[in-house]
Structures are given as C-alpha cells and as structure tokens.
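Taking it in order: structure first as structure tokens, then the write-up.
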Amino acid sequence: MKTVVITGCSRGIGLEFVRQLVARGDRVFAGARHPEGSPELMELAQAHGDRLTVLPLDVTSPAHRVNLAATIGDRAVDLLISNAGAYGPVPDRLGDTDEKAWLETFRVNVIAPRQIVEALLPQLRMAGQPCIALLSSKMGSIGDNGSGGVYIYRSSKAALNAVGVSIARDLDGEGILTLILHPGWVLTDMGGPHAEITVSESVTSMLKTLDNASPEDNGRFIDVDGSTIPW
C-alpha cells in the first residue's frame, strides 16, 4: 500500500486518480479547493474513510499547504501527483493579452506545483522510492507547437516543464523521481467534447507509467502512451 497525495481532485483527472488509487488499496490524501462541491469526491470519502482523507486545498494558499503537510504528519509520502491546474481565458489570441489572467495561471500551473513539492519534501524523503508526478500538457511543448495561439496555457505548461526538470536534477541524488506527464487529450470539462480518450483510460495509462518508473525516467516529459515528448 502506497501513500499518495493528489491535488485538484474535485473532478476530471484528479477525481479519477482518487477513484482508482483507493480501489487498489492505497492510502490517499485528496485536496480540492471546494471539496464539498464535489458529490463524487465526498461519496468516495464516505465509502473509503479509513484510506481516503479529503481536505480543502487551494494550491496557491500558503495556509492550505501548511495544513496539508500537517494533516499528513510524519507519514511517508510515496507518490505526489500535482494535478491542480488552470487553462486561462478562451479564446487567447494575439493582440488580446490578459495580463491578470496570465499571472494567475502561472501562479496555479507553475509556482504552486513547486511550492507543493517544497511543502511535502520531508514526507517524500521518508519514503523508500518516492516519486513526484507533475501533470503538464503537450501544449507546453515548443517543438510540437504547430498551431500557435493559447499563449497563457502553453507558456505556463512550458514553464512547468522547466520547473519539473530542475526538481528532477535537484532531487536526483536523494532517489526521488520526478516525472512530467501529458495525460492525453481527455474527455473532461477542460478537454472538451471532442477529446480522444476517457478519463479512466488516461489515468490507467499514467498509473502504469508511474508504477513502472525507473531512474532513467527522471525528468522525462512522457506522453500518455509512454513515449517521450519533445521539449
């Protein structure tokens, strides 16, 4: 049984991570900005109360990050899944810069994931084979950008990738793996109705990648099918 911490669990990918991990017997701490607004998450908490702790977590809030670490206490964290994210305004065209939205998206997608890692480093260091999973997007690939636009989301995920590689390098000597994952184009509120795979398929594939992660994967930008994505 692993101890897993997941951010952004009220719906979509984060909620499915919770569902699959508690189903296989792991101990899960699930954070969401407003957990009471997610009936499915609360139902899971009622059904798996001995192995699932749900707590309010705005990843940009210092107080919430402190509370998360305090709630986990001296328990080792085997896996941290940094899933919480923001897309920013739509459409996002050249000539229509929303500076406030850009900065807020960076707070959620770039700064907060680093701060969550920092908050939980003591618990990660206690684990035997700890792993950090940063959920990015192929939209953050500069080499794969063939359509342009979506400036805010693309740049925030490209910056997250840079953060992830630095975390991987900084913690490599401690045996902590950091993987940067693209979940695929997923049928969620963010992914839209024309997406290619279901939430269940995406999470099942990512968990397979995480379960089989090796030191060679440290700092890799990994597609949902396990292949490497160009930076």
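Filtering segment 190-212 down to residues that are farther than 15 Å from L79 by Cα and charged (D, E, K, R), which residue is modelled with the lowest pLDDT? Even if it seems obvious, please write down each step before you answer.
So the first thing to find is which residues in segment 190-212 are farther than 15 Å from L79 by Cα, and the list is 190-202, 204-205.
Subsequent filtering for residues that are charged (D, E, K, R) retains 196, 201.
Numbers: E196: 82, E201: 97.
Checking each candidate, the answer is E196.
Filter segment 191-214 down to the residues that are assigned to a loop (DSSP other than H, G, I, E, B) and out of contact with any Gly (no Cβ under 7 Å at 6 or more places or on another chain) and list them by number. Let's see the steps before the verdict.
From segment 191-214, those assigned to a loop (DSSP other than H, G, I, E, B) are 191-196, 198, 212-214; that's our starting set.
Result: G191, G192, P193, H194, A195, T198, N212, A213, S214.
Within segment 64-101, how many residues turn out to be over 15 Å from S155 (Cα atoms), surrounded by 16 or more Cβ atoms within 10 Å (Cβ to Cβ) and of a type in the set (S, T, Y)?
1
Considering only segment 73-84, I want to know if a residue exists there that is under 29 Å from F106 (Cα atoms) and either touching a His at 6+ places or on another chain (Cβ under 9 Å) or of a type in the set (S, T, Y) (or both).
yes
Given the conditions (1) surrounded by fewer than 19 Cβ atoms within 10 Å (Cβ to Cβ); (2) in contact with a Gly (Cβ under 8 Å, 6 or more places away or on another chain); (3) assigned to a helix (DSSP H, G or I), and given that I152 satisfies all but one, which numbered condition is not satisfied?
(1)
How about segment 171-199: which of its residues are exposed (fewer than 14 other Cβ atoms within 10 Å of the Cβ) and touching a residue at least 60 places away in the same chain (Cβ under 8 Å)?
D189
Just checking: which of the strands (runs of 3 or more DSSP E) contained wholly in segment 1-105 hold 2 or more residues that are among the β-branched types (V, I, T) and touching a residue at least 40 places away in the same chain (Cβ under 8 Å)?
Values: elements: 3-6, 27-32, 52-56, 79-82.
Output list reads 3-6.
Can you name the residue in segment 123-149 that is within 23 Å of A70 (Cα to Cα) and buried (at least 18 other Cβ atoms within 10 Å of the Cβ) and, of all such residues, is nearest to the chain's Cα centre (by Cα)? So that I can check it myself, show each step before the final result.
Step one: filter segment 123-149 for residues within 23 Å of A70 (Cα to Cα), giving 123-134.
With buried (at least 18 other Cβ atoms within 10 Å of the Cβ) added as a condition, the list becomes 123-124, 127, 130-134.
On the way: Q123: 17, L124: 16, A127: 19, P130: 15, C131: 12, I132: 9, A133: 6, L134: 5 Å.
Here the answer is L134.
I'd like the full set of residues that are out of contact with any helix residue (DSSP H, G or I) (no Cβ under 8 Å at 6 or more places or on another chain) and more than 20 Å from E118 (Cβ to Cβ), limited to segment 48-73.
G49, D50 - these are the residues of segment 48-73 that are out of contact with any helix residue (DSSP H, G or I) (no Cβ under 8 Å at 6 or more places or on another chain) and more than 20 Å from E118 (Cβ to Cβ).
Report, ordered by the first and then the second residue, all pairs with beta carbons closer than 7 Å, sequence separation of six or more or different chains, a first member in segment 137-163 that is in contact (Cβ under 8 Å) with a residue 12 or more places away in the chain, and a second member that is β-branched (V, I, T) and surrounded by fewer than 18 Cβ atoms within 10 Å (Cβ to Cβ).
Going by the 7 Å Cβ cut-off, the qualifying pairs are A158/I142.
The values are calculated or read from the model by the stated rules, or taken from the named source; none is laboratory data. Quick caveat: nothing in here was measured; it's all calculated off a predicted structure. All Cβ positions, even for glycine, are placed from backbone atoms using ideal geometry, and neighbour counts span all protein chains on display.
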